[in-house]
1. Give the stretch 65-115 a look and list any residue that's touching a Ser or Thr at 6+ places or on another chain (Cβ under 6 Å) and small (Gly, Ala, Ser), or say none.
2. From (1) under 13 Å from the mean Cα position of the chain (by Cα); (2) in a loop (DSSP other than H, G, I, E, B); (3) modelled with pLDDT of 85 or more, pick out the condition that doesn't hold for residue 39.
3. What number of residues within the stretch 43-87 are modelled with pLDDT of 90 or more and among the polar types (S, T, N, Q)?
4. Output the number of residues of the stretch 65-93 satisfying the condition of being within 16 Å of residue 40 (Cα to Cα) and either in a loop (DSSP other than H, G, I, E, B) or over 11 Å from the mean Cα position of the chain (by Cα) (or both).
5. Starting from the stretch 52-80, keep only residues that are of a type in the set (D, E, K, R), then list their pairs with residues that are in a strand (DSSP E or B) whose Cβ atoms are within a distance under 8 Å, requiring at least 6 positions of separation or different chains.
6. I'm checking my understanding of the structure. Among residues of the stretch 36-94 that are among the charged types (D, E, K, R) and within 16 Å of residue 125 (Cβ to Cβ), which one is surrounded by the most Cβ atoms within 10 Å (Cβ to Cβ)?
7. Go through (1) of a type outside the set (Val, Ile, Thr); (2) within 15 Å of residue 42 (Cα to Cα); (3) surrounded by 15 or more Cβ atoms within 10 Å (Cβ to Cβ); (4) within 15 Å of the chain's Cα centre (by Cα) one by one and return the number of the condition residue 158 breaks.
Amino acid sequence: MTVPYVHSGYERIKDDNYQTIDKRCIYGLIKWFPNLGTVIDPCADQGSAIIDTLKELGYDALGWPDALSDWNFKTDWIVTNPPYTRNLVDKIIAKQIGRLEDNLVSGVAVLLRANFDYAKCRTLMFDEPTYYGQIKLRFRPWWTEERKAQPIHNYCWHIWTKRECSHPIILYSNGE
């Protein structure tokens with residue numbers, strides 16, 4: 001087991017699979033991408049708060065039980081907060097980018113810690129011509145209903161899409 005570099009005082013959830021219960025995260029995404037169309041969360045084997053929030057907002061959204069499995073249908077967007085297991089998270093993101101390149105989706109939005117793209121081993125992922133940029137969240141999301149301490153990590157949405165963009169852009173959202 002790896003030791004986290006910041007000790008939060010909370011017991012860790014298996015595979016760091018924290019549900020996106022803070023609706024502000026979704027609001028931050030749809031502020032800039034309001035026309036998501038049909039959305040799939042491929043990391044939703046146990047359901048997804050992302051999907052629930054999108055449905056509440058009137059989107060056609062569903063979960064998929066295996067982010068690495070193949071599917072032979074087209075959907076509009078993939079929106080997910082993948083479990084953060086070091087070797088798994090990169091594979092999950094690469095698979096979703098592959099779906100974009102294969103024209104199975106129009107866009108991919110992945111909620112990650114703000115420093116996720118700093119790793120040298122992820123250079124190719126972010127040098128992709130389909131990498132659109134980030135939506136930086138100007139709040140720290142809550143991951144549990146318990147409110148005994150303020151959240152300590154910054155997050156952003158990383159976006160891959162076929163939209164024309166000469167270089168990655170940075171957008172901001174207060175979650176409203």
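The values are calculated or read from the model by the stated rules, or taken from the named source; none is laboratory data. No experiment lies behind these values; they were computed from the predicted model shown. Cβ coordinates were reconstructed from backbone atoms using ideal geometry, including for glycine residues, and neighbour counts include every protein chain displayed.
1. 107
2. Condition (2) is where residue 39 drops out.
3. 5
4. Restricting attention to the stretch 65-93, the residues satisfying the condition of being within 16 Å of residue 40 (Cα to Cα) are 65-83, 92-93.
With the extra rule that they be either in a loop (DSSP other than H, G, I, E, B) or over 11 Å from the mean Cα position of the chain (by Cα) (or both), the set shrinks to 65-77, 81-83.
The total comes to 16.
5. Correct list of pairs: 55/61; 60/38; 60/39; 66/45; 76/38; 76/39; 76/107.
6. The initial filter retains those residues of the stretch 36-94 that are among the charged types (D, E, K, R), namely 41, 45, 52, 55-56, 60, 66, 70, 74, 76, 86, 90-91.
Filter again for within 16 Å of residue 125 (Cβ to Cβ), leaving 86, 90-91.
On the way: 86: 10, 90: 16, 91: 13.
Looking at residues that are among the charged types (D, E, K, R) and within 16 Å of residue 125 (Cβ to Cβ), I get 90.
7. So the condition that residue 158 fails would be (2).
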